[in-house]
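The values are calculated or read from the model by the stated rules, or taken from the named source; none is laboratory data. In this text, all values refer to a predicted model and were calculated from it rather than measured experimentally. Every residue, glycine as well, gets a Cβ built from its backbone with ideal geometry; the counts of neighbours run over all protein chains shown. Keep in mind that these areas ignore ligands, DNA and RNA; they rest on the heavy atoms of the full protein, side chains included. Shrake-Rupley method; radii C 1.70, N 1.55, O 1.52, S 1.80 Å.
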Amino acid sequence: MSRRHVLVLIASWAAGAGCLSGSSPLPPLPPGGHHVLFIGNSLTYVNDLPGTLAAIAASAGDTIRVATDAGPNLALIDHLTGSTAALAHIREGGWEYVILQQGPTPAGICRDSLVLWTKMFDPYIKAAGARTAVFMAWPYAGPLEWFDEIQLSFQAAAAGVNAVYMPAGEAWRSALQKDPTLTLYGSDGFHPTPTGTFLAALEIYERITGRDARTIPPRAFANGQPLALPEVTVRLLQSAAHDANGRFPASADLAPPRALATHTAIAGHC
């Protein structure tokens, strides 16, 4: 698949959604509001995870304004080497969180590279006055035990720079343990369905705002728009998001690997 730069600028206002201009400084936020920049690949832009996060916040009376730098098949190193405008976007400033996402990232060269690339991003993010956050993805569809390696990889990346850990993949695992019939994976067994994106956004919403996801209105969203799900399903997903955040604190309690590989992973394959 040829690479393209997908830049999404979405804003959530207390009364609805609007658009950021991308200029610096960012527009002032109302009290308690948040500016969040996402950097990742198709796991972020399929079903518009950032816009879904903004819509959840608006439905709960909160404000999360978001922007995204993402492209298909990108690993974090691709953003660092200029495949997107991610570094320039970080330097604009005004962000509270910069959320880093890449593919499943199992143990070995992929884990070592994720830890290293997160460390390479962190100085740029801190210099812009923001906090680094690490968004745990999910494995390909299969046994729930496959989540174990993925969780360790992203937790190690977060621990390496004292980043905010966002265990979205663990929210998926929790939900599937509660109801194995949930359709979180798309037809390719990897990309999320709208329901899967909504669940990931719920986990991130709770981590950013500190609000218990189980206490917000039982409304679902995807692509920044309402998503028709039964209330019982929405409540199950809210509970799964809360469970993941309860089991894995924002400050990742895990030492990074003692030694990092210095080789370069094939971009997009992790």
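Can you pull the three principal axis extents for the Cα set of region 131-242, in Å, largest first?
Principal axes ranked by extent give 39, 32, 23 Å for the Cα atoms.
Would you pull out the residues with amide H under 5 Å of residue 47's amide H, same chain only if 5 or more places away, H placed 1.01 Å from N?
HN-HN under 5 Å from residue 47: empty list.
Rank 111, 211, 65 by accessible area, highest first, at a 1.4 Å probe radius? All intermediate terms of the calculation are to be shown ahead of the outcome.
Numbers: 111 40, 211 80, 65 5 Å².
The most accessible residue leads, giving 211, 111, 65.
So if each residue of separation counts as 0.36 nm, and I subtract the Cα-Cα distance between residue 191 and residue 124, what length gain in nm does that give? The partial results should precede the final answer.
Values: separation 67, 0.36 × 67 = 24.12 nm, distance 2.90 nm.
Here the segment from residue 191 to residue 124 would lengthen by 21.2 nm.
Find the eigenvalues of the gyration tensor of the Cα atoms of region 93-167, then list the square roots of 5 times those eigenvalues as equivalent ellipsoid semi-axes, largest first, in whole angstrom.
24, 12, 9
Where does the charge balance sit around residue 219 when Lys and Arg score +1, Asp and Glu -1, over other residues with C-beta under 12 Å from its C-beta?
Working: positive: 235; negative: 231.
For residues surrounding residue 219, the net value is 0.
Quick check: pseudo-label points 7 Å beyond the Cα along Cα→Cβ at residue 179 and residue 91, how many nm apart are they?
4.7 nm
Within the set of other residues whose C-beta is less than 15 Å from the C-beta of residue 117, count the net charge using Lys and Arg as +1 and Asp and Glu as -1. Don't skip to the answer; put the middle values down first.
Values: positive: 111, 119; negative: 69, 78, 112, 122.
After counting each charged neighbour, the total is -2.
Which value, in debye to the nearest 20, describes the size of the charge dipole of region 59-146 about its Cα centre when Lys and Arg Cβ atoms bear +1, Asp and Glu Cβ atoms bear -1, and nothing else is charged?
Numbers: 6 positive and 8 negative charges, 34 e Å.
For region 59-146, the charge dipole is close to 160 debye.
Amide H to amide H, which residues 5 or more places from residue 221 or on other chains are under 5 Å from it, using H placed in the peptide plane?
Residues meeting the criterion, in which the H sits 1.01 Å from N, are 227.
How large is the Rg to Rh ratio of region 169-217 when both quantities use alpha carbon positions and Rh follows Kirkwood?
On the way: Rg = 11.4 Å, Rh = 11.4 Å.
Ratio of gyration radius to Kirkwood radius: 1.00.
With θ set to phi - 60°, apply the Karplus curve 6.51 cos²θ - 1.76 cosθ + 1.60 along region 227-237 and write out the HN-Hα couplings as whole Hz, x wherever there is a Gly or Pro.
Once θ is set to phi - 60°, the couplings for region 227-237 become 10, 7, 9, x, 4, 4, 6, 4, 5, 5, 5 Hz.
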